[in-house]
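So the structure is just underneath, and the comments pick up after that.
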Amino acid sequence: MDTEEYCPICKTDKYLSPDMKFLINPECYHKICESCVDRFYSLGPSKCMYPNCNKILRRNKFKTQVFDDLSIEKECDVRSRVMKVFNKNEEDFSDLKDYNQYLEEIEDIVNNLVNNVDIEETEKKLKDYELLNQKEILENNTKQVEKDQIQADLTKLETQLKQEKRRHEKQTAEEDKLLKKANEAALIDQMQNESAQPPQAVRMHNTNVLRKSSARKKHIKELEEQINMHRRALGAGGHGIESSVPPQTPFTPFNGDKDRTKYYQFQDNYYDPIFNDMVSKDPTFTASGYDIKKYFKRSLAEAFTGLNIFVSEEIS
Amino acid sequence: MTISYTKEKKVGEGTYAVVYLGKQLPSERNIAVKEIKVGTFKDGVDMSAIREVKYLQELKHQNVIELVDVFDEEGNINLVLEFLPMDLEIIIKDTSLLFQPGDVKSWMLMTLRGLHHCHRNFILHRDLKPNNLLISPDGELKIADFGLARSLSQPNERLTSNVVTRWYRAPELLFGARHYTEVIDVWAVGIIFAELMLRTPYLPGKDDADQLTVTFQALGTPTDKTWPGVSTLPLYKSLHVYPEPSRAELLNRFGAASEEALNLMIAMTRMDPNKRCSTEEALTCKYFTEYPPPTKPINLPMKTQKKRESEEDYESNKR
């Protein structure tokens, strides 16, 4: 039978009691069932039930297994333990090389602990480091908690904004519909009564709608503001590596390459007896997006850029 | 000092040209040489070669492929082009790569900058698709393949509407318009934008008729009301009228898109060419300035094959 199917201590079978749960203890990772844990460890720490395993186990350290592979389970436990102590961030280093060195150190410790290499020495190293950097570790912990809080706030605000926007859209659409109806009714009224003024009620309604929608818009804007503030708080957290990078050139849509030299001044209309007529008489031009102004622009650009003449300079 | 070029490896062959990889000597710069086949055409050199030389020698921009040189060898025309090992299609299709919103923004930005340079010089590209957007080793995107390019038409010129690869063809082209303008390129970029977010072609029509159906299913059928004069276009038929998608539907379709990204895409894929945005409007829209900033080209996702090869070399050297 598969070892996963029954508890090696009490031999209870998973098939017969499907409710049973297996627990492990990070001391030795030997698996026993929940009821055995209750039976053996409720009176205080005791030895592991497995033959030849002399580890002393405590009840409160037992936990359910997350990964099928015990070696992975063990590595995750070790890692979380080490990371609790080695909790510096990239921002805490001024040099990328130092940071990499630090990460390397963490990996070495994890590797040693997982694969049982120089256990005692490594444990001592870990403990020494913890003692030496107690204050910093605490600080980093609170920092991380703060950061997580900001991130959580940000996600919350963003979902709120999205909902708000959608609601705004829906309401605007509905109000438009209502307004249209009201206007139509007013028009009919007007035609019947021949009074020149639209009824008071409709005008009132219009201003009301306007006021409401602008209030909603304001609300959305406020939310956006808040989100931006949070983002800035997240982004400006570190003073380490980030700030040592030379300041970026600001973003420009055209990469600083927007052509502002104008060889010519463009007029609204140009007289062209053939083309003007041709375009205005054939509706397929407009339907295909053709605009005769583009053609005039092209002609002027070609005429002047080729010669590199600025008309205004030439005149003066 | 004379400059010479080597052809080292044949990398591709099209209907009218053979492409080689090579080096510029003595600078050792990597280049690609496009050798135009002459003699196979009755009327001399193929049209697209002429177009390519004609427009590329005018256009010098960071996001447009550079025509380094043109030379002739035994009566064959050779175009010396910048060496660009990757294209956007390969990157989109590589499912092992993950795109961040900033990555998509960066590619869009570079495409639009390149296209803006073409348009301000009154040049229509007419064949934009991911396959023609090449990527340099340092991540810069460059518009390539000007074989179908031409300059903005005069009113008395009638252009062929049979341009642009089908999936990226603007509706006015599908209706057989003969006086279209540079906004057909904007449409193609809009569809590429969608493809970057979906990671699959947005409007994959099986044939020209199907392309109309697919396009209108996705974006609504234009009528004379929404697009004045559309019924005067040669191939306009009374089609099944699909409703225009609501904003909520589009949001649903592009789950990863921000509001501003969606605004830009809607502006670039408007049916009526008169209402579609220009490259200038697209570049100045809010999408490019909102968070997150566009990724720096050098940090964009790249196919890793090359890297792996060099790692293997390294490993075998160690042994």
(request) Please work out which one of (1) open to solvent by 10 Å² or more (accessible area, probe 1.4 Å); (2) over 17 Å from B:ARG270 (Cβ atoms); (3) assigned to a loop (DSSP other than H, G, I, E, B) is the condition B:ARG113 fails and give its number. (result) (3)
(request) For region A:29-45, state whether one or more residues are in contact with a His (Cβ under 9 Å, 6 or more places away or on another chain), buried (at least 17 other Cβ atoms within 10 Å of the Cβ) and without any contact (Cβ under 8 Å) to a residue 40 or more places away in the chain. (result) no
(message) Yes or no: region B:204-217 includes at least one residue that is among the aromatic types (Phe, Trp, Tyr), closer than 19 Å to B:GLY102 by Cα and within 23 Å of the chain's Cα centre (by Cα).
(response) no
(request) Taking only region B:143-185 into account, find how many residues are hydrophobic (A, V, I, L, M, F, W, C), facing chain A (nearest Cβ under 10 Å) and under 21 Å from B:TRP107 (Cβ atoms). (result) 3
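Residues are listed down the side, and each one gets a yes or a no for (1) under 29 Å from B:ARG113 (Cα atoms); (2) at pLDDT 75 or above:
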| position | (1), (2) |
| --- | --- |
| A:GLY240 | no, no |
| A:GLN265 | yes, yes |
| A:ILE274 | no, yes |
| A:PHE310 | yes, no |
(message) Please go through region B:283-297 and give me each residue that is more than 9 Å from chain A (Cβ to nearest Cβ) and out of contact with any Gly (no Cβ under 8 Å at 6 or more places or on another chain), ordered by number.
(response) B:LYS286, B:TYR287, B:GLU290
(message) Residue under question is B:GLN62, and the condition is that it be open to solvent by 70 Å² or more (accessible area, probe 1.4 Å) and touching a residue at least 60 places away in the same chain (Cβ under 8 Å); does it hold?
(response) yes
(message) Can you go through B:PRO301, B:PRO273 and tell me which one is modelled with pLDDT of 90 or more, more than 14 Å from chain A (Cβ to nearest Cβ) and part of a loop (DSSP other than H, G, I, E, B)?
(response) B:PRO301
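So that you can scan it fast, the table gives a plain yes or no per residue for (1) more than 20 Å from B:ALA170 (Cα to Cα); (2) surrounded by fewer than 20 Cβ atoms within 10 Å (Cβ to Cβ):
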| site | (1), (2) |
| --- | --- |
| B:ASN121 | yes, yes |
| B:LEU128 | no, no |
| B:LEU133 | no, no |
| B:GLY139 | yes, yes |
| B:SER151 | no, yes |
(message) For region B:202-230, which positions are touching an Asp or Glu at 6+ places or on another chain (Cβ under 8 Å) and surrounded by fewer than 17 Cβ atoms within 10 Å (Cβ to Cβ)?
(response) B:GLY220, B:THR226, B:PRO228
(message) Cβ contacts < 6 Å: first residue part of a strand (DSSP E or B), restricted to region B:125-142; second residue of a type in the set (Gly, Ala, Ser), any location; separation 6+ or different chain. Result?
(response) B:LEU134/B:ALA144
(message) So, in region B:189-222, how many residues would count as being away from chain A (no Cβ under 14 Å) and either outside any helix (DSSP H, G or I) or within 21 Å of B:LEU109 (Cα to Cα) (or both)?
(response) 21
(request) State which residue is surrounded by the fewest Cβ atoms within 10 Å (Cβ to Cβ) when the search covers only region A:275-294 and only residues that are in a helix (DSSP H, G or I) and more than 7 Å from every other protein chain (Cβ to nearest Cβ). (result) A:LYS281
(request) Working carefully through the options A:LEU161, A:LEU157, A:LEU131, A:LEU126, find the one that is of a type outside the set (D, E, K, R), over 19 Å from the mean Cα position of the chain (by Cα) and either surrounded by 14 or more Cβ atoms within 10 Å (Cβ to Cβ) or closer than 22 Å to A:GLU222 by Cα (or both). (result) A:LEU126
(message) I'm trying to understand the selection: among the residues of region B:231-245, which are open to solvent by less than 60 Å² (accessible area, probe 1.4 Å) and at the interface with another protein chain (Cβ under 9 Å from one of its Cβ atoms)?
(response) B:SER231, B:THR232, B:LEU233, B:TYR236
(message) When you scan region B:75-93, do you find a residue that is within 14 Å of chain A (Cβ to nearest Cβ), polar (S, T, N, Q) and either open to solvent by less than 30 Å² (accessible area, probe 1.4 Å) or at positive phi (or both), even just one?
(response) no
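The values are calculated or read from the model by the stated rules, or taken from the named source; none is laboratory data. Model, not experiment: these values are computed from the prediction. Glycine also receives a Cβ, built like all others from the backbone with ideal geometry; neighbour counts cover every protein chain displayed. For accessibility, only protein heavy atoms count, side chains too; no ligands or nucleic acids. Shrake-Rupley method; radii C 1.70, N 1.55, O 1.52, S 1.80 Å.
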